[in-house]
Amino acid sequence: MSAIDEVTARPTAWTEARVVEVDRPTADTVRLRLEPDERQRHRPGQHHLVRLRAPDGYTAQRSYSLASDPDDPLLELLVEKLPDGEVSEFLAEVLEVGDVLEVRGPLGRWFAWDTTTPALCLVGGTGVVPAVSMQRAALRLGRTDLLRVVAVGRAPGHLPYAEELAAAGASIAWTRANVDGRRAGAPTAEEVTPLLAGVDVAFVCGSARFASYAETLLQECGLPPDAIRVERFGPTG
Amino acid sequence: MRSHPSPRQVGPVTGRVTRGFTGKRRGQQGDRLPPGQYDVGDGWPTLTAEATPTVRTEQFELGVDGLVERPSTWSWDELLALPRSTYAGDIHCVTTWSKFDMTWRGVSVDVLLEQAGPRPEAAYALVHSSSGYTTNLPLADLRGGRAWVAWEADGQPLSREHGGPARLLVPHLYFWKSAKWVSRIELLDHDQQGFWERNGYHDRGDPWVEQRYQGD
């Protein structure tokens with residue numbers, strides 16, 4: 001994955017983006033599609049900042065992974081509504097089609113897939129979003145052979161993008177539901193090891209608890225630590 | 001050694017107001033919050049780009065080298081035998097959370113530098129971690145009682161996830177400069193970019209002027 005480091009860092013600037021679609025894939029998430037004034041091409045896995053501005057100039061900003069394929073002219077974000085979340089609550093409950101947000105990106109060239117290195121995504125909950133972008137890119141390029149996706153959710157209906165990911169060949173592990181003969185539970189070494197054949201890089205994205213589990217599992221499956229790239233979110237104790 | 005709040009800053013005066021947004025977290029902590037940050041409260045998010053390494057204290061070694069008179073290393077026991085000091089104050093992560101009123105214990109980087117003796121041309125530091133992580137910062141930001149190698153946070157040994165057994169602590173800069181699992185401080189006469197800096201983040205990272213990304 002040296003290709004990423006060879007890309008010159010392009011400074012990014014704030015731009016405005018108009019909300020063109022809002023929907024709710026699950027009870028606690030909202031999916032936004034935004035049309036930015038300037039769309040800098042991203043690598044699958046990168047994120048954008050969203051900044052909200054109050055009338056007195058007070059601002060709050062958060063970063064969200066892009067679900068968009070790099071060729072998609074729109075920015076697609078998935079926002080999980082957090083309890084008392086200053087930004088996520090606004091995006092989930094107040095924002096409407098036609099509103100304008102300030103955005104900046106793409107950012108984060110480490111957690112990004114170059115679309116040529118054989119890769120595995122082990123992602124959980126709203127951590128599926130960067131894997132969606134990677135999988136959309138792989139489909140467009142006709143190189144789904146380069147990308148394996150294992151997505152982990154609580155139960156059907158609770159994992160955004162589950163149908164899209166599964167339709168393109170992802171394995172879905174449900175932790176609280178027995179589905180199609182698979183017992184409820186986190187993915188196991190027996191399930192993941194065969195998927196790692198020929199894989200040079202693994203992308204782990206999810207909550208801090210999920211990421212710890214996933215890192216340990218991948219190392220148990222024989223992947224060296226320096227082949228694992230991690231994006232984790234959410235508070236820990 | 002409390003952090004020094006700067007005058008209250010809000011976002012740039014230009015920029016479109018977001019319809020319907022008034023903000024919820026403002027005002028509670030007033031001037032202590034750098035622009036664009038929020039108070040994370042009792043939580044302490046973990047942000048790491050790599051798999052979390054296990055560093056055993058028996059194998060721990062910290063070095064100060066590069067442009068110094070006396071390249072020096074300390075084992076775990078030697079590090080703990082140095083004069084200790086405390087930082088009581090706030091930390092700020094570039095992902096926009098700030099955590100108030102932490103208490104850290106460790107050794108001031110001044111103590112390490114005194115033993116190693118920086119040469120006059122030393123102006124920058126590249127800090128290395130045992131994970132392979134690196135970060136760069138001006139040497140001046142490591143001096144003057146503003147930087148530590150710390151092994152205790154809020155009365156507890158620093159956990160592995162948060163960089164234990166010991167991490168760099170530079171609380172006046174964004175927290176990615178506070179390298180977890182610190183193993184080596186290399187002094188240079190030029191600024192050499194570290195891991196996040198090569199990947200688009202700022203070379204200095206002052207939260208009070210929002211030096212988040214290259215170009216800020």
**Request:** Just one of (1) aromatic (Phe, Trp, Tyr); (2) touching a helix residue (DSSP H, G or I) at 6+ places or on another chain (Cβ under 7 Å); (3) within 12 Å of chain A (Cβ to nearest Cβ) trips up B:PHE60, so point out which.
**Result:** (3)
**Request:** Might you let me know whether the stretch A:164-184 holds any residue that is farther than 18 Å from A:GLU231 by Cα and within 14 Å of another protein chain (Cβ to nearest Cβ)?
**Result:** no
**Message:** Taking the conditions exactly as written (at pLDDT below 95 and within 14 Å of another protein chain (Cβ to nearest Cβ)), does A:ALA214 satisfy them or not?
**Reply:** no
**Request:** Give just the number: which of (1) part of a loop (DSSP other than H, G, I, E, B); (2) away from chain A (no Cβ under 11 Å); (3) modelled with pLDDT under 90 does B:ALA49 not satisfy?
**Result:** (2)
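Can you tell me how many residues in the stretch A:167-188 are under 27 Å from A:ARG143 (Cα atoms) and loosely packed, with under 15 Cβ neighbours inside 10 Å?
Total satisfying the criteria: 3.
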**Request:** Taking the residues in the stretch B:93-132 that are under 13 Å from the mean Cα position of the chain (by Cα) and not in a strand (DSSP E or B) as candidates, determine which candidate is surrounded by the fewest Cβ atoms within 10 Å (Cβ to Cβ).
**Result:** B:CYS93
**Message:** Anything in the stretch A:86-97 that is within 9 Å of another protein chain (Cβ to nearest Cβ) and in contact (Cβ under 8 Å) with a residue 40 or more places away in the chain? List them, or say none.
**Reply:** A:LEU95, A:GLU96
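The values are calculated or read from the model by the stated rules, or taken from the named source; none is laboratory data. Keep in mind that what you see is a predicted model, and the values were worked out from it rather than measured. A quick note on method: Cβ atoms are made from the backbone with ideal geometry, for glycine too, and the neighbour counts reach across all protein chains shown.
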